[in-house]
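Everything on this sheet refers to the single structure shown next.
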Amino acid sequence: MRRDQAPDEYEYEEEEEPAGRWSRGRSDGGRRWLRIVLILFVIPLLIGAGVAIFAGRPIAFDAIRRLTDRKFPTGQWVDAAELARWRDDPVRAHPVVLDARTEDEFAVSHLEGAVRVDPYRPSLRPLRGFPKDTAIVLYSSVGYRGARVADFLVRQGYSRVYNLEGGQFLWANQGRPIFRQDRPTTEVHPYNPTWGFLLESQYRIKAPPVEKKSAAP
């Protein structure tokens with residue numbers, strides 16, 4: 001519920017603080033509260049940050065999947081190992097792989113044979129001629145934009161739509177092949193400096209950040 005005027009905009013008169021022991025007492029109380037806050041909140045946060053440096057990526061990818069599931073609860077996932085086996089299987093029909101990232105990201109690298117689809121204004125054009133029961137795998141940087149497009153396709157009647165868990169970042173982190181104009185490469189667009197920390201440094205390039213139009217890449 002919004003207010004016409006925020007609390008800090010109300011006019012009020014400040015009372016003068018009495019001098020002497022009362023002033024010193026309040027100062028001592030403030031220091032006690034500061035120590036309590038440091039012990040209960042700040043120090044644990046710093047310890048947690050240290051843990052995240054060493055174990056942050058697996059935790060972050062798991063959190064992204066959980067948050068994405070809340071936003072798109074009907075989504076189906078496929079992990080990198082399963083997708084790799086699927087694409088190598090000479091008997092099983094291979095899925096259509098769609099890259100739900102921007103043109104700049106796609107130009108740096110993509111999964112082999114992937115076709116780009118606009119993650120913010122998705123179209124059915126890349127699927128023209130394919131029946132609605134075609135297996136389709138979406139991916140983006142970490143999975144959120146892939147889930148958005150997957151949700152769009154499900155609403156259009158496609159019944160076998162999957163999102164790549166961890167997106168291209170996790171795929172690359174596991175040393176799986178990526179391509180630029182059909183040639184192998186080891187470079188991946190980091191989306192922006194913050195999200196790029198989920199990408200192993202040997203794959204991360206310096207590139208202008210992508211304009212943010214969704215909650216996550």
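Every number in this text was worked out from the coordinates using simple rules, so none of it is lab data. Bear in mind the structure is a predicted one, so any value in this text is a computation, not a measurement. Please note: Cβ atoms are built from the backbone with ideal geometry, for glycine as well, and neighbour counts cover all protein chains shown.
Taking a Cβ cut-off of under 14 Å around Asp79, the surrounding Lys, Arg, Asp and Glu residues balance to a net charge of +1, with basic ones at +1 and acidic ones at -1. Determine the sum of side-chain charges near Tyr203: Lys and Arg each +1, Asp and Glu each -1, restricted to other residues whose C-beta is under 14 angstrom from that of Tyr203. With Lys, Arg at +1 and Asp, Glu at -1, the neighbours total +2. If R0 equals 25 Å, the separation of the Cβ atoms of Arg155 and Asp62 corresponds to a calculated FRET efficiency of about 0.40.
Using a Förster distance of 22 angstrom, determine the FRET efficiency expected from the C-beta separation of Glu112 and Asp133, and round it to 0.05.
Numbers: r = 24 Å, r/R0 = 1.07.
After rounding, the FRET efficiency stands at 0.40.
Sequentially through segment 185-201, phi angles give Karplus couplings (6.51, -1.76, 1.60; θ = phi - 60°) of 8, 10, 10, 9, 5, x, 6, 7, x, 6, 5, x, 5, 7, 9, 4, 4 Hz, Gly and Pro residues having no value and appearing as x.
Scanning residues 5 or more positions from Val137 or on other chains, those with amide H under 5 Å from its amide H are Val96, Val97, Leu98, Tyr162, with H placed 1.01 Å from N in the peptide plane. The residue among Ser140, His189, Ala150 whose Cα reaches farthest toward the positive pole of the charge dipole of segment 116-191, with charges on the beta-carbon of Lys, Arg, Asp and Glu, is Ala150.
Using Cβ point charges alone (K and R +1, D and E -1), the dipole size of segment 74-198 about the Cα centre works out to roughly 360 debye.
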